[in-house]
1. Could you give the length gained on full extension between C22 and R8, defined as 0.36 nm per residue of separation minus the Cα-Cα distance, in nm?
2. Output ³J(HN,Hα) for segment 27-39: one whole-Hz value per residue in order, computed from phi by the Karplus curve 6.51 cos²θ - 1.76 cosθ + 1.60 with θ = phi - 60°, and x for Gly and Pro.
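Just so it is clear, none of the values below were taken in a lab; they were calculated from the coordinates. Because the structure is a prediction, the values reported are computed rather than measured.
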Amino acid sequence: MGHQGHGRALVPIEEVDTLVPCMPGTCGCCGETLEGMDPTPERHQQVDIPEPKVLVTEYQIHRLTCSRCGQVTAGELPAGVSRSRFGPRTHGMVVLLTGQWLLSKRMAALLLEPGFRPGAEPWDDQRNGTADGRSLGSAGGRGS
């Protein structure tokens, strides 16, 4: 009857994220209602990657006027936060996709697109963006 399949070991029950009991409601032969519990059910596990969710952090840079001299002074971004519209993990993913895996920028954008607004390309503000980090999008960005 063929050869025995090779599979991965099951994750311990304590580490399972979601448990779905698949209980039969009626007998497959006569239709009688079934009751009780199977003390040793067959275990089938499906591993999946969680749906990506973009994390958006807004930094509000306040400008305040000095009551003594009238000078307007702006707050500063925290150390380690660049003026780029995209964070270090997004830039790292673009480098991985275009550098290591040799995808075109267009293909990388298609892959990342579900998490970003249309026209927001991670490489635009790095090479062709405005001085304050706003993306030029398709108006001045590199498209391929």
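1. Here the answer is 2.9 nm.
2. Calculated HN-Hα couplings, in order: 5, x, 9, 10, x, 5, 5, 9, 9, x, 10, 8, x Hz.
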